[in-house]
There are 2 protein chains.
Amino acid sequence: MTDNKRAILTGAARVIARQGVRGLRVADLAAEAGVSTGLVYYHFKDRPGILRHALAFIGDRADRYTATAQGPTAAHPPDRRTLLEQTLLLEFQDVPEVRENSTAWGELRAHSVFDPELREELAAAGAAWVAEVAGHLAALCPDAPAGAVTAAAERLTALLEGLSARWLSGLLPLEHARGLLREAIRVEIGRLGSLGERID
Amino acid sequence: MTDNKRAILTGAARVIARQGVRGLRVADLAAEAGVSTGLVYYHFKDRPGILRHALAFIGDRADRYTATAQGPTAAHPPDRRTLLEQTLLLEFQDVPEVRENSTAWGELRAHSVFDPELREELAAAGAAWVAEVAGHLAALCPDAPAGAVTAAAERLTALLEGLSARWLSGLLPLEHARGLLREAIRVEIGRLGSLGERID
DNA sequence: GTACATTGACTGAAAGTTTAGTCAGCAGGC
DNA sequence: GCCTGCTGACTAAACTTTCAGTCAATGTAC
């Protein structure tokens with residue numbers, strides 16, 4: 001991949017984060033990437049092609065920065081609870097790259113209501129994420145029934161999306177969003193724990 | 001308000017639900033409402049004006065159909081818990097008008113990330129809604145601290161928005177979404193109850 | 001009760017603007 | 001000489017916005 005092609009993709013993420021999927025103008029994108037409009041078409045054929053590739057690119061990037069949670073940075077092995085919190089809270093960082101990625105991803109999610117083409121990619125990513133969270137929860141509450149664990153994971157991820165939308169549109173301060181989510185994790189773990197006890 | 005003005009607003013809700021905010025073409029809207037494009041500008045000045053009024057209209061409509069929960073239909077007074085559940089679950093109905101309203105509202109919410117003009121109205125509606133839910137919760141758990149009640153209300157409404165987005169894009173079946181939300185209500189009430197006890 | 005003036009809702013075509021997509025051609029490595 | 005990467009002016013279509021003017025209703029002076 002040439003430097004310019006990569007520049008177009010990172011530019012696409014930036015423009016989508018700034019103006020939304022439908023607000024993405026090919027001329028803006030070219031300007032953002034510092035190339036001509038012609039080059040955009042040379043590499044990506046047409047507008048839907050740009051969007052498709054941008055999606056994959058943004059998804060990859062999100063995987064990469066959430067993966068750093070388990071990275072070799074931790075000197076002593078982090079406990080499961082911290083791992084779970086990080087997996088979820090990493091979405092709430094006021095770092096330009098993360099915020100940009102979150103915004104673009106949220107926009108794609110919202111856009112998928114009107115564009116069936118996007119749903120497949122989105123559904124797969126969403127399911128994988130629920131499974132990851134459910135994995136952490138199951139490890140923390142080994143006695144809780146599997147159904148309840150999955151439901152808790154679905155609630156936590158859906159809550160995260162709802163909070164993220166409010167944060168990104170400035171309706172909810174970042175720290176408040178993080179606090180609400182942390183509390184929700186505590187509440188859900190508490191509930192799973194009590195379910196486990198009852199089953200004993 | 002003239003019939004045609006109202007027709008334009010209901011048409012706007014329908015077109016936004018079908019094509020999204022950015023997919024709304026003034027010509028489409030005029031056709032949907034059965035009027036000329038000129039009339040749209042006569043009543044609403046410009047495209048942003050259409051969106052602003054449509055948002056208010058859709059918000060009002062949502063208030064109206066969630067308000068029926070407390071209506072005179074109930075022979076014996078419904079308990080607070082049922083009232084709370086209905087307030088939240090009424091958003092999840094597969095009735096065309098409700099679905100259309102939810103879709104359009106969700107779209108405007110998502111769009112507000114990129115359009116500061118829409119945020120004020122949205123913030124007010126969101127705050128009122130959190131307050132309503134908090135009111136029900138406070139009545140159910142009179143001993144819980146006010147801060148915890150508000151936080152629970154914020155979580156429940158944010159969760160609802162997250163679940164709603166998934167439902168509307170076909171990623172989550174309606175009944176599943178309802179079940180998850182009902183459970184979340186139970187969990188949050190349980191937590192508020194235990195907080196009340198500790199304070200005694 | 002009828003001629004005249006005024007107003008608000010409304011139309012449709014035309015003007016103006018924005019946007020996706022094309023194309024002829026340049027530069028440089030092989 | 002030819003392939004790949006690249007340019008930017010250009011076109012056609014899509015879209016928003018304006019505007020001159022129609023029409024029905026309402027008032028009002030005689």
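The values are calculated or read from the model by the stated rules, or taken from the named source; none is laboratory data. Model, not experiment: these values are computed from the prediction. Cβ sites come from the backbone with ideal geometry, for glycine too, and all protein chains shown count toward neighbours. Protein only, heavy atoms only, side chains kept; ligands, DNA and RNA dropped before computing areas. Shrake-Rupley method; radii C 1.70, N 1.55, O 1.52, S 1.80 Å.
Near A:Gly106, once Lys and Arg are set to +1 and Asp and Glu to -1 for all other residues with Cβ below 10 Å from its Cβ, the sum equals -2. Just to confirm a number: summing +1 for Lys and Arg and -1 for Asp and Glu over residues other than B:Phe92 whose beta-carbon lies under 15 angstrom from that of B:Phe92, what do you get? Local net charge: -4.
Under 10 Å, Cα contacts only: if you run a Gaussian network model on chain B, which one of B:Phe44, B:Phe114, B:Phe92 comes out with the highest mean-square fluctuation? Looking only at B:Phe44, B:Phe114, B:Phe92, the largest GNM fluctuation is found for B:Phe114. A simple spin-label model places the labels of B:Arg25 and A:Ala27 2.0 nm from each other, with each point 7 Å out along Cα-to-Cβ.
Sorted from nearest, the other copies put their B:Glu121 label points 3.2 nm away, the label point being 7 Å from Cα in the direction of Cβ. Please work out the FRET efficiency for the pair A:Asp63 and B:Lys45, using the Cβ-Cβ distance as r and a Förster radius of 35 Å; give the result to the nearest 0.05. Calculated transfer efficiency: 0.20. Divided by 2.2 N^0.38 Å, where N counts the residues, the Cα radius of gyration of segment B:59-199 comes to 1.07.
Compared with the dominant Cα axis of chain A, that is its longest principal axis, helix A:47-67 is turned about 40°. Compared with the dominant principal axis of the Cα atoms in chain A, helix A:80-89 is inclined by about 30°.
Ligands, DNA and RNA left out, the 1.4 Å accessible surface of segment B:1-114 is 52% carbon and sulfur atoms.
Placing unit charges on the Cβ atoms of the charged side chains and taking the dipole of chain A about its Cα centre, the candidate lying farthest along the positive direction among A:Gly38, A:Gly20, A:Leu108 is A:Gly38.
Any chance you could run the full-extension gain for A:Arg80 through A:Ala123? It's 0.36 nm times the residue separation minus the Cα-Cα distance, nm to one decimal.
Gain on stretching A:Arg80 to A:Ala123: 12.9 nm.
Among residues other than A:Arg182 with Cβ under 12 Å from its Cβ, the summed charge is 0 (Lys and Arg +1, Asp and Glu -1).
With a 1.4 angstrom probe, the accessible area lost at the A-B interface totals about 3100 Å².
In this Cβ point-charge picture (+1 for Lys and Arg, -1 for Asp and Glu), the protein assembly as shown has a dipole of about 760 debye about its Cα centre. Here segment B:94-200 is assigned +1 on the Cβ of each Lys and Arg and -1 on the Cβ of each Asp and Glu. Its dipole about the Cα centre then comes out at about 380 debye.
Between 0 and 90 degrees, the angle of helix B:174-199 with respect to the longest Cα principal axis of chain B falls at about 40 degrees. Taking trypsin sites (Lys or Arg not before Pro) in DSSP loop conformation with at most 14 other Cβ atoms inside 10 Å as exposed sites, chain A has its longest uninterrupted site-free stretch at A:46-200. Label-point distances for A:Ser194 to the equivalent site in the other copies, using a point 7 angstrom along Cα→C-beta, read 0.5 nm when ranked shortest first.
Using R0 = 51 Å, the C-beta based FRET efficiency linking B:Val95 and A:Lys5 works out to 0.60. 222 nm [θ] for the protein assembly as shown, helices only, -39500 (n - 2.57) per DSSP H run of 4+, per residue, to 500? Rounded to the nearest 500, it is -26000 deg cm²/dmol.
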